[in-house]
Amino acid sequence: MVTQKVLKGSVWLFSIRMISNFLGIATTIVVARFLAPEDFGIVAIATTIQIILMSISELSMSQALIYEKDVTKEHLNTAWTMSLIRGVLIFFILGLCSGVLEKFYETPGLKLILIALGCGVLLRSVSSPALVLFQKELNFKQEFLINFFAKIVSFVFSIWIAYEYQTYWALVFGMLLNDLVHCATSYLLAPYLPKLSVSKFRSMLSFSGWMTLSNVVNTINWNFDNLFIGKMISEKALGLYKMGNNLALLPSRELTIPLRQLLFPSFSMIKNDANRVFNAYRRSQSLTSFIVIPSGVGLACIAEPLIPMVLGNKWIDAIIVVQVLAIVFAVQSLVTLVNPLAMAFGRTKTLFYRDMLMFGIRLPLVVVAAIYWGLEGIVWARAISAATSILICIALIREIIGYGFSHHISSNWRIFVSCCVMILFIFFVSHSVLAKQLLNFQYLYILMLIVCGGGIYLSTVYLLWYVSGKPQSAEQELLALVKSFYRKLGKKHE
């Protein structure tokens, strides 16, 4: 029963990510054609401040509702009330501080952007908390529909504003409309009558308290560099960094975010069975790395011809950001499932300590690198801090379920070897006579690199799997899935 729910939930979640991010990518690419890196930099400063404020005030009520065994109307009322209070506070803080921040960054227009984003936070804060009840049962159909409608509206409006006016308000109004549609449709698909109440606040905070602290540290850790670049280097550098970071995240984010959202309730259901948790984690982690690592490495390999073709020559300096961070995010997929695993076992305090440790490592690395080596230095500093983070997370996973460093290596060594082969193959193909002939046809050139790279990766990984004796692994599960698909396809044509 749990397996069927997981499969259905995964289909909806992956559909959400694919459609939402296809529209998000399309919006970014089209808008980037009309706007300059400086425009993205100004909006990045505002959104970073908004994100940090949201993190500081985040009480993780949704996770607490999922963790709660029996959710009552009072739990929903408490979650909605606390979310409303949080939204109002953020709105007023952004409004009061907007003028000061505009002067600090010497960026005209930042004040109005911050006030607009505050309105978006207020809208999102009063969305229906009843959506969590569907997530708790691994039913993500409603969330799919809500995100689909919100993204479609945001997509159309952002492109229209960018085309007509060529202003950064295309990005801001797009986000505002997304929040408005999300709020309205949440009540249509998850009906709920709001009522002010804090009766269950204390019991819910017992779970979410450490998660709140962890989110604060983690958000500041991953966003302070945006504020630092915007002030110490330039808005253009921030725009390049933000764009490169977002593009580099695409291969890993599309799979890992829905998996984390799906596996938290899944691990919670089976946490009392050590063998099931161990095997579920192993299978999920192996499958994640099988797809994410070659995707990230492949993106890094084609970034040099891809970015000028897609975004234009004004974004060329973002290539190094994409190349380094795409590989960093890909390798981090080894431990990306540690959060839902730890949360399912109530180890939120441990996650907080981990995030504090990583903040202490990452902050000085990024600051020193920015001062001495600029934007490129920050990128390499992130790579170093990511390597440290992976080792820390593996130690935490080993402590929780006994899945240690050797398990991660034995499950993923074929993937790493195959990626190295893919890199060498793409290098030689890109310098071949055929590649030089296709340089004037950039789309065909990039398509050739993608097809060749993907083909050599799959060929190598399955060859290594066969030579290794066909162990139970992601290769086996994906092969069985393909065979099942063709069998069903064959029966339909009979």
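Between residue 19 and residue 74, the distance separating the two model label sites (each 7 Å from Cα on the Cα→Cβ line) works out to 3.8 nm. The solvent-accessible area of residue 309, taken with every protein chain present and a 1.4 Å probe, is close to 30 Å². In the frame of its principal axes, region 147-187 has Cα extents of 34, 13, 10 Å, reported largest first. Rolling a 1.4 Å probe across all protein chains gives residue 224 an accessible area of roughly 30 Å². For residue 431, tell me the accessible area in Å² from a 1.4 Å probe, rounded to the nearest 10. Counting only protein heavy atoms, the figure is 110 Å². If you add up the charges near residue 382, with Lys and Arg at +1 and Asp and Glu at -1, over every other residue whose beta carbon is less than 10 angstrom from its beta carbon, what do you get? Value of the local net charge: 0.
In square angstrom, what is the accessible area per residue of region 269-412 with a 1.4 angstrom probe?
Values: 5700 Å² over 144 residues.
Value returned for region 269-412: 40 Å² of accessible area per residue.
Over region 348-479, the reciprocal of the mean inverse Cα-Cα separation, the Kirkwood hydrodynamic radius, stands at 18.3 Å. Distance between the modelled labels on residue 476 and residue 447, one decimal in nanometres: 3.8 nm (7 Å Cα→Cβ projection).
Quick one: pull the percent of accessible area on region 294-367 belonging to carbon and sulfur, 1.4 Å probe, ligands and nucleic acids left out. Please list the in-between numbers first.
On the way: 1610 of 2380 Å².
Answer for region 294-367: carbon and sulfur cover 68 percent of the accessible area.
List the pairs from 242/314; 103/231; 111/236; 73/195; 271/470 whose alpha-carbon separation is above 21 Å, in the order I gave them.
Working: 242/314 14 Å; 103/231 11 Å; 111/236 19 Å; 73/195 9 Å; 271/470 29 Å.
The answer is 271/470.
The values are calculated or read from the model by the stated rules, or taken from the named source; none is laboratory data. As the structure is a computational prediction, the values presented were derived from the model and not from experiment. Ideal geometry is used to build each Cβ from the backbone, glycine not excepted, and the neighbour counts take in all protein chains shown. Only protein heavy atoms, including side chains, enter the accessible area calculation; ligands, DNA and RNA are left aside. Shrake-Rupley method; radii C 1.70, N 1.55, O 1.52, S 1.80 Å.
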